[in-house]
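So the structure is just underneath, and the comments pick up after that.
The values are calculated or read from the model by the stated rules, or taken from the named source; none is laboratory data. Just so we're clear, the structure is a prediction, and the values are computed from it rather than from any experiment. Ideal geometry is used to build each Cβ from the backbone, glycine not excepted, and the neighbour counts take in all protein chains shown. Note: accessible area is taken over every heavy atom of the protein model, side chains too, but ligands, DNA and RNA are not part of it. Shrake-Rupley method; radii C 1.70, N 1.55, O 1.52, S 1.80 Å.
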Number of protein chains: 2
Amino acid sequence: MPEPDFEKRGGLLPVIAQDARTGQVLMVAYMNREAWRHTLETGRATYWSTSRNALWVKGETSGHVQHVREVLVDCDQDAVLLRVEQVGGVACHEGYASCFFRHVEAGEWRVIAPRLEPPSPG
Amino acid sequence: MPEPDFEKRGGLLPVIAQDARTGQVLMVAYMNREAWRHTLETGRATYWSTSRNALWVKGETSGHVQHVREVLVDCDQDAVLLRVEQVGGVACHEGYASCFFRHVEAGEWRVIAPRLEPPSPG
């Protein structure tokens with residue numbers, strides 16, 4: 001199994017999840033070697049939760065699983081891009097399709113997407 | 001000027017640059033507060049180089065500047081998404097349109113994009 005260079009950033013690399021169909025960037029999370037292997041072996045996006053310090057199979061509790069369609073690595077082998085099919089169409093625990101639901105406008109944050117579900121604990 | 005939560009990850013946050021027109025993910029880099037402010041003030045993507053430990057105005061030497069069209073932040077305010085216009089169509093110092101030019105296929109890395117220019121030092 002090929003591997004990115006986990007040592008380069010102390011064992012944890014940033015991972016982008018992108019909707020394979022629309023190209024929308026859904027979220028940024030982190031992987032260690034264990035999460036990487038779990039993702040490749042199961043085809044389900046699996047991260048390392050830096051808040052809980054635990055393996056995090058995305059959607060395990062919420063049902064919002066990410067089926068991995070393609071796994072890419074960057075030139076320096078220290079960032080990962082997952083192209084996924086987001087079950088339920090909601091990647092963010094705040095209930096938005098994407099975690100990137102705010103942008104800068106006229107010097108302030110502004111919410112630019114509809115909330116599709118109530119916020120959940122994760 | 002609004003700001004993400006730089007303290008959350010020790011002062012440096014991961015930043016995704018995405019082509020504003022095509023949706024292609026171009027690269028992942030990092031920002032500290034100085035890079036963030038420089039980006040918002042100039043409209044040019046500016047990162048913090050973790051290898052050189054210096055402010056890095058993308059394309060300053062190569063000419064491959066990124067004009068920032070939209071700046072988004074994620075739910076936890078600890079990741080940034082820049083939607084950019086990539087001058088020259090080459091974001092990667094290896095000469096590819098995107099730094100994500102390799103994917104996993106049949107248990108190996110495989111290059112999936114054409115090299116558009118010779119590799120450059122940065």
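The rotation axis taking chain A to chain B passes closest to the C-beta of one chain A residue; that residue and the distance in whole Å read A:23, 2. Projected onto its three principal axes, the C-alpha set of the protein assembly as shown covers 47, 44, 32 Å, listed from the longest axis down. Label-to-label distances for residue A:33 across copies, nearest first, come out at 3.7 nm, using points 7 Å from Cα in the beta-carbon direction.
Can you work out D for region A:32-122 in µm² s⁻¹ from Stokes-Einstein, where Rh is the Kirkwood radius over C-alpha pairs, the temperature is 20 °C and the viscosity is 1.002 mPa s? Walk me through the numbers on the way to the answer.
Numbers: Rh = 14.5 Å.
My calculation gives 148 µm²/s for D.
Counting protein heavy atoms only, region B:55-122 has 50 percent of its accessible area on carbon and sulfur, 1.4 angstrom probe. Under a Gaussian network description of chain A, with springs only between Cα atoms under 10 Å, the residue in A:85, A:94, A:108 that fluctuates furthest is A:108. Our helix-only sum for the protein assembly as shown, with -39,500 (n - 2.57) per DSSP H run of n ≥ 4 divided by its residues, gives a mean residue ellipticity at 222 nm of -2500 deg cm²/dmol. Computed from point charges on the beta carbon alone (+1 for Lys and Arg, -1 for Asp and Glu), the dipole magnitude for chain B about its Cα centre is near 240 Debye. The magnitude of the dipole of the protein assembly as shown, with charges of +1 and -1 set on the Cβ of Lys/Arg and Asp/Glu and taken from the Cα centre, is near 140 debye. With the label put 7 angstrom out from Cα along the Cα-to-Cβ vector, residue B:85 ends up 3.7 nm from the copy partners, going from closest to farthest. When the Gaussian network model of chain B links Cα atoms closer than 10 Å, the mean-square fluctuations of B:107, B:63, B:88 top out at B:107. Plainly put, the tip 7 Å out from Cα toward Cβ on residue B:118 is 6.2 nm from that tip on each other copy, the closest given first.
Remark: region B:31-122 carries 48 Å² of accessible area per residue (probe radius 1.4 Å; ligands, DNA and RNA excluded). Across region B:67-81, computed HN-Hα scalar couplings (Karplus, 6.51 cos²θ - 1.76 cosθ + 1.60, θ = phi - 60°) run 7, 8, 9, 7, 10, 10, 10, 8, 4, 8, 6, 10, 8, 10, 10 Hz from first to last residue, x flagging Gly and Pro. Cα centroid separation, region B:1-77 to region A:84-122: 20 Å. A Förster radius of 30 Å, combined with the Cβ-Cβ distance separating residue A:40 from residue A:61, puts the computed FRET efficiency at roughly 0.85. Residues of region B:61-89 with an amide N closer than 20 Å to a point placed 7 Å from the Cα of residue A:12 along the Cα-to-Cβ direction: B:73-81. Normalising the average separation of contacting C-alpha pairs (under 8 angstrom, six or more residues apart) by the number of residues puts the relative contact order of chain A at 22 percent.
For a paramagnetic label modelled on residue B:22 (point 7 Å from Cα along Cα→Cβ), amide N atoms under 18 Å away belong, within region B:76-110, to B:82-103.
Once a ≥ b ≥ c are taken as the square roots of the eigenvalues of the Cα gyration tensor of region B:76-122, is the result rounded (a/c under 1.5), prolate (a/b larger than b/c) or oblate (a/b not larger than b/c)? Display every interim value, and only then the final one.
Working: a/c = 2.39, a/b = 1.17, b/c = 2.05.
Oblate shape, in that a/c is at least 1.5 and b/c is the bigger or equal ratio.
Take the accessible area of A alone and of B alone, subtract that of the pair with a 1.4 Å probe, and the total buried over both chains is about 3200 Å².
On a 0 to 90° scale, report how tilted helix B:33-42 is relative to the longest principal axis of chain B, with both axes built from alpha carbons and the result rounded to the nearest 10. With both axes taken from Cα atoms, the answer is about 80 degrees. Take every Cα pair under 8 Å whose residues are at least 6 apart in sequence, average their separation, divide by the length of region B:27-70, and the relative contact order is 33 percent.
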